[in-house]
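The values are calculated or read from the model by the stated rules, or taken from the named source; none is laboratory data. Because the structure is a prediction, the values reported are computed rather than measured. Backbone-built Cβ (ideal geometry, glycine too); neighbour counts: all protein chains shown. Quick note on the areas: whole protein, heavy atoms, side chains included, nothing else; ligands and nucleic acids left out. Shrake-Rupley method; radii C 1.70, N 1.55, O 1.52, S 1.80 Å.
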Amino acid sequence: MSIRKPRALLTLLVIVSAIEANGSDDWPGYRGPTFDGSAAVSHSSPSPSQSLSVSWRAKVGSGYSGIAIAEEKTVTAFSDGKNDVVIAFDSTSGKELWRVPISSTHKGHDGSHDGPISTPTIHEGKVFALSAFGDLTAMDLLTGKRLWSVNVTKVGGRSPFYGFSASPLVSNGVVVLPIGGENGKSITGFDAQTGKMKWSMGDDMVNYQSPVLMSISGKQRIIAANDKKIFVIDPVTGNNLLEYEHGGDENIAATLVPLPLDQDRLLLRNKRESTDLIKFSVNGQGSLTANKLWSASIFKYSYDPPVYYKGYLYGLNGRILSCVNAESGETKWKSRGVGDGFVILVNGLLVIQTKTGKLHVGSATPEGWKEFDQVTLFKDVSWSEPSYSCGAIFSRSHGEIARLDWNRTAQATAVLKRPISTLPPGSKFAALVEELEKSSEKKTILDRFFSEQKQFPIVQWPDQVIFVYRGPGEDIAFRSEIDGWENEIPMQRVAGTDLFFYTARLEPDARIQYRFVRNFHENIVDAFNPQTSSDRRFSSFAMPGWLEPSHIQEAPESKRGRFESQEIKSRKAASSQAKLEVYLPADYDDLSHAYPVLYVMDSEGARTQSAINHTIDNLGGTRLQTPILVFITELMTSEKPPDPIGGHREEMLEQAKRNSRFLADEIVPFVDSHYRTLKKRQHRAIAGHFERAAEALFIAFENWNLFGGISVQSMWMLNLQDPLRQLITSPNEKPMRIYVDWGTYDERSKSHGWDLREENNRFYAYLKEKGYLPAGGETHEGNGWTSWRNRNDRLLACLFPKEIGR
């Protein structure tokens with residue numbers, strides 16, 4: 001007697017068999033086989049009792065590309081210094097099989113690294129890769145043979161500021177890419193066999209998002225997140241099934257990659273302060289709808305989407321690993337045990353590659369972070385999520401790619417333990433900690449110590465500092481200019497007490513800002529240190545060798561000048577207008593002589609925090625000429641000015657040109673006609689700080705016939721670097737008094753590839769190469785008005801020395 005199995009069951013068995021036969025453990029592209037950062041494990045499943053070791057390594061170059069794995073081939077993309085290339089390795093041995101150039105090298109700029117950004121996708125024996133210049137290329141997986149290539153800008157694509165980054169999605173014979181084209185070309189489908197465009201749809205801007213596949217009511221759909229909308233697309237026809245306005249913040253939504261969950265739910269990390277969960281439904285008319293289930297302050301300040309496992313979400317909230325209940329959006333736990341990086345899920349384990357080159361493995365459980373293994377992998381920065389295939393983890397940095405196996409011993413790997421903050425040997429504080437560890441009267445000992453200690457932080461001369469916190473809180477971290485503001489370093493707790501400490505080494509004349517982070521989110525100043533920044537958001541600390549300058553103190557009333565407010569509306573451009581705060585020296589109304597003028601491009605706080613008017617009151621007429629100050633507090637020459645740090649280079653240049661024309665043609669003449677000013681260029685200068693510095697420098701050299709001096713401090717020049725270098729010729733052609741300074745502890749981000757200290761050092765050297773003799777240089781301070789204002793005297797003496805004739 002035979003038993004006939006239902007056709008549906010037979011079909012399911014055939015599908016399952018086919019998946020297992022073809023390797024269901026493949027990781028065919030960005031975010032894995034199911035687009036949710038999780039591995040489809042069918043065999044060789046790792047377990048917490050196993051440890052990882054490296055079985056092979058290979059050299060690669062800079063690039064953000066992740067790793068795609070299929071058919072025992074491991075594929076990634078990087079820059080070899082000349083070209084951006086796609087490379088394939090044998091997954092087992094690590095032997096290079098082929099490499100194919102897909103474009104010239106995409107040079108990093110404005111805080112980015114060289115190389116491709118998109119992760120290749122492997123599908124049915126082909127590799128599909130997108131260069132940062134928009135070259136979509138198909139290659140044969142076995143041989144690397146180029147099958148076709150099309151540049152998406154030729155079919156209407158618009159390149160984002162940092163280049164094209166979307167990872168190709170392949171479905172039903174179509175390669176789907178968000179290309180940001182106008183007139184219905186936001187999302188485009190290309191024929192996987194020929195590269196010809198099959199369909200396009202949508203009107204919305206695209207930046208660094210990647211589409212995903214998701215099952216909605218049992219049907220596969222393409223989910224494309226753009227700057228303002230979520231598009232739900234039929235993968236067969238390319239038809240738009242739903243447009244959902246997600247309401248995300250501009251800069252955050254630019255990197256939005258949705259996370260598909262069960263029950264037709266989709267997680268959107270779309271806002272600066274919160275993340276949304278939405279649910280798709282089919283209404284009575286058969287149309288698709290979307291409704292928000294909740295919005296919660298989770299998974300902020302991270303480019304990496306979280307993962308989902310058994311009702312809980314796991315991901316980075318800033319640099320804090322967090323577990324969140326997917327039903328409510330409530331945070332279950334937080335841990336500093338990992339750091340900033342990229343998370344995937346393998347058989348109930350979280351595998352996290354950090355940007356600092358470490359790999360962490362721990363259990364995905366709402367009970368708390370429990371780490372089972374930690375491996376130091378790379379010296380280079382890593383900006384790619386790891387991948388999993390056939391029992392192994394594959395990971396890469398800007399210099400290497402590696403395969404790690406569970407219970408393999410081909411190569412030993414170091415396990416990194418959290419560094420313990422070391423105390424200066426023989427110091428009073430070290431003796432305190434030792435006494436506390438031995439005593440049961442800890443509170444009494446601490447109370448006595450804090451009553452006797454008169455100064456915090458505690459200095460161990462000549463170069464060691466102990467920062468201390470005492471008070472409520474389970475987790476206290478240290479953020480400062482010493483380590484860079486992007487880093488939150490756990491402070492060490494003395495067991496059984498409410499005392500936490502962190503030690504650092506500083507130059508004897510250093511001055512820095514810092515603050516504590518309590519319980520992962522609360523930024524607080526040091527309660528034992530009364531010194532704060534000028535805006536009172538940070539604690540301020542100076543080593544004994546640093547002396548506060550007296551010139552920034554308010555002068556006696558008889559020597560103080562006064563402010564006047566002015567508004568200018570352009571006669572030449574309707575959208576151009578400016579607000580000025582003009583500072584007139586104390587003797588302006590009593591004397592009849594004319595004054596030099598300093599124009600200040602007013603970044604946040606210049607008018608209220610720079611204290612440069614105090615310096616003029618105190619030193620004007622003695623060590624330097626007494627100038628009129630013109631703070632340009634608002635300058636509008638377009639309806640929507642570009643972001644001064646992350647804006648498009650072309651937009652920044654056009655904005656600088658518009659501002660330059662408005663300043664030269666209308667603002668300077670206005671000031672000269674309303675006030676007694678010296679009209680020669682040597683009596684006119686301009687100053688800018690941080691994000692306004694490069695613009696000020698551009699204006700000065702663009703109008704060198706108007707300005708004889710320029711001052712920049714902690715200059716963020718990345719956006720205008722090339723145009724500036726073209727403008728700066730030589731002192732014979734464009735004579736200019738130049739002041740440039742920056743701090744040893746200035747703004748920087750190792751993971752993002754920028755450092756204002758290095759940038760300003762190079763620019764200072766470039767000015768000297770051109771024949772200029774800039775004043776200023778590096779100081780042992782940081783960024784912001786609390787630091788910049790200390791050099792007001794040097795700045796003004798450079799721009800308006802007493803010896804300049806009238």
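Scanning the stretch 207-259 for residues that are of a type in the set (Gly, Ala, Ser) and over 18 Å from Lys279 (Cα atoms) yields a count of 4.
Do we have Gly776 as at pLDDT below 95, open to solvent by 20 Å² or more (accessible area, probe 1.4 Å) and on the phi > 0 side of the Ramachandran plot here? Answer is no for this residue. Of everything listed in (1) under 13 Å from Asn783 (Cβ atoms); (2) not in a strand (DSSP E or B), the single unmet condition for Asp741 is (2).
Residues are listed down the side, and each one gets a yes or a no for (1) under 30 Å from the mean Cα position of the chain (by Cα); (2) of a type in the set (Gly, Ala, Ser):
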site: Phe456; (1), (2): no, no
site: Gly496; (1), (2): no, yes
site: Glu507; (1), (2): yes, no
site: Ser540; (1), (2): yes, yes
site: Glu548; (1), (2): no, no
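Taking the criterion of being out of contact with any Gly (no Cβ under 8 Å at 6 or more places or on another chain) and open to solvent by 50 Å² or more (accessible area, probe 1.4 Å), the residues of the stretch 92-117 that qualify are Thr92, Ser93, Lys95, Glu96, Pro101, Ser104, Lys107.
For Pro596, the criteria (1) crowded, with 17+ Cβ neighbours inside 10 Å; (2) under 40 Å from the mean Cα position of the chain (by Cα) hold in every case but one, which is (2).
One line per residue, one yes/no per condition, for (1) buried (at least 24 other Cβ atoms within 10 Å of the Cβ); (2) touching a residue at least 60 places away in the same chain (Cβ under 8 Å); (3) part of a strand (DSSP E or B):
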site: Ala132; (1), (2), (3): yes, no, no
site: Gly144; (1), (2), (3): no, no, no
site: Val150; (1), (2), (3): no, no, yes
site: Thr153; (1), (2), (3): no, no, no
site: Arg158; (1), (2), (3): no, no, no
site: Ala166; (1), (2), (3): yes, no, no
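Picking from Val257, Val170, Val232, which residue would you name as being open to solvent by less than 30 Å² (accessible area, probe 1.4 Å), part of a loop (DSSP other than H, G, I, E, B) and among the aliphatic types (A, V, I, L, M)? Before the answer, list the steps.
Values: Val170 fails: part of a loop (DSSP other than H, G, I, E, B); Val232 fails: part of a loop (DSSP other than H, G, I, E, B).
So the residue among Val257, Val170, Val232 that is open to solvent by less than 30 Å² (accessible area, probe 1.4 Å), part of a loop (DSSP other than H, G, I, E, B) and among the aliphatic types (A, V, I, L, M) is Val257.
With respect to Phe429, is the statement that it is closer than 13 Å to Leu499 by Cβ, in contact (Cβ under 8 Å) with a residue 60 or more places away in the chain and open to solvent by less than 20 Å² (accessible area, probe 1.4 Å) true?
Details: closer than 13 Å to Leu499 by Cβ: yes; in contact (Cβ under 8 Å) with a residue 60 or more places away in the chain: yes; open to solvent by less than 20 Å² (accessible area, probe 1.4 Å): yes.
So Phe429 passes the test.
At least 1 residues that are closer than 19 Å to Thr626 by Cα in each: list the helices (runs of 4 or more DSSP H) lying fully within the stretch 751-806 that qualify.
Details: elements: 756-769, 785-788, 792-799.
Counting at least 1 such residues, we get 792-799.
Summed over the stretch 759-774, residues that are over 12 Å from Ile738 (Cβ atoms) and among the small types (Gly, Ala, Ser) total 1. If the condition is being over 28 Å from Glu747 (Cα atoms) and either open to solvent by 40 Å² or more (accessible area, probe 1.4 Å) or modelled with pLDDT of 95 or more (or both), then the stretch 451-469 contributes Ser451, Glu452, Lys454. Among residues that are touching a residue at least 60 places away in the same chain (Cβ under 8 Å) and either in contact with a helix residue (DSSP H, G or I) (Cβ under 9 Å, 6 or more places away or on another chain) or over 15 Å from Gly688 (Cα atoms) (or both), Gly771 is not included.
If a residue must be outside any strand (DSSP E or B), acidic (Asp, Glu) and modelled with pLDDT of 95 or more, how many such residues does the stretch 361-409 contain?
In the first step, residues of the stretch 361-409 are kept if they are outside any strand (DSSP E or B); the result is 364-370, 377-386, 390-391, 397-399, 407-409.
Next, only the ones that are acidic (Asp, Glu) stay: 367, 380, 385.
Cutting the leftovers down to modelled with pLDDT of 95 or more gives us 367, 385.
Within the stretch 361-409, residues that are outside any strand (DSSP E or B), acidic (Asp, Glu) and modelled with pLDDT of 95 or more number 2.
Can we say Val86 is part of a strand (DSSP E or B) and over 30 Å from Lys750 (Cβ atoms)? Criteria not met by Val86. Answer yes or no: is there a residue in the stretch 288-301 that is part of a strand (DSSP E or B), under 15 Å from Trp333 (Cβ atoms) and among the hydroxyl-bearing types (Ser, Thr, Tyr). Within the stretch 288-301, not a single residue is part of a strand (DSSP E or B), under 15 Å from Trp333 (Cβ atoms) and among the hydroxyl-bearing types (Ser, Thr, Tyr). Taken over the stretch 90-117, the criterion of being of a type outside the set (A, V, I, L, M, F, W, C), in contact with a Lys or Arg (Cβ under 8 Å, 6 or more places away or on another chain) and within 17 Å of Glu71 (Cβ to Cβ) is satisfied by Asp90, Ser91, Gly94. In summary, Arg319 fulfils each of the numbered conditions (1) open to solvent by 10 Å² or more (accessible area, probe 1.4 Å); (2) within 20 Å of Ala39 (Cα to Cα) with the single exception of condition (2).
Mind telling me which of the residues Asn529, Asn519, Asn487 ends up being out of contact with any Leu (no Cβ under 7 Å at 6 or more places or on another chain) and over 22 Å from Ser297 (Cβ atoms)? Before the answer, list the steps.
On the way: Asn519 fails: over 22 Å from Ser297 (Cβ atoms); Asn487 fails: over 22 Å from Ser297 (Cβ atoms).
Just a single option satisfies the conditions, and that option is Asn529.
If I ask for residues that are touching a Leu at 6+ places or on another chain (Cβ under 7 Å) and either under 16 Å from Phe631 (Cβ atoms) or open to solvent by 20 Å² or more (accessible area, probe 1.4 Å) (or both), which ones from the stretch 542-564 would you list?
So the first thing to find is which residues in the stretch 542-564 are touching a Leu at 6+ places or on another chain (Cβ under 7 Å), and the list is 543, 551, 561-562, 564.
Of everything in the stretch 542-564, those that are touching a Leu at 6+ places or on another chain (Cβ under 7 Å) and either under 16 Å from Phe631 (Cβ atoms) or open to solvent by 20 Å² or more (accessible area, probe 1.4 Å) (or both) turn out to be Gly561, Arg562, Glu564.
With the structure loaded, tell me whether Gln531 is of a type outside the set (Ser, Thr, Tyr), out of contact with any helix residue (DSSP H, G or I) (no Cβ under 8 Å at 6 or more places or on another chain), under 30 Å from Thr744 (Cβ atoms) and open to solvent by 80 Å² or more (accessible area, probe 1.4 Å) or whether it fails that test.
On the way: of a type outside the set (Ser, Thr, Tyr): yes; out of contact with any helix residue (DSSP H, G or I) (no Cβ under 8 Å at 6 or more places or on another chain): yes; under 30 Å from Thr744 (Cβ atoms): yes; open to solvent by 80 Å² or more (accessible area, probe 1.4 Å): yes.
So Gln531 passes the test.
Checking each residue in the stretch 173-196 for being at pLDDT 95 or above and open to solvent by 20 Å² or more (accessible area, probe 1.4 Å) picks out Gly173, Asp191, Gln193, Thr194, Lys196. For the stretch 339-379, the set of residues classified as free of Cβ contacts under 8 Å to residues at least 40 places away in the same chain and within 25 Å of the chain's Cα centre (by Cα) consists of Gly339, Ile352, Thr354, His360, Phe378, Lys379, listed by residue number. Flag: Thr503 does not match the condition of being surrounded by fewer than 16 Cβ atoms within 10 Å (Cβ to Cβ) and outside any loop (DSSP other than H, G, I, E, B). Taken as a whole, the stretch 390-399 holds at least one residue that is over 29 Å from His752 (Cα atoms) and surrounded by fewer than 22 Cβ atoms within 10 Å (Cβ to Cβ). Scanning the stretch 672-730 for residues that are within 24 Å of Thr744 (Cα to Cα), hydrophobic (A, V, I, L, M, F, W, C) and either open to solvent by 40 Å² or more (accessible area, probe 1.4 Å) or part of a helix (DSSP H, G or I) (or both) yields Phe690, Ala693, Ala694, Ala696, Leu697, Leu718, Leu720, Leu724. Only residues that are of a type outside the set (Asp, Glu), modelled with pLDDT of 95 or more and either within 14 Å of Lys271 (Cα to Cα) or more than 25 Å from the chain's Cα centre (by Cα) (or both) were counted across the stretch 306-328, and they come to 7.
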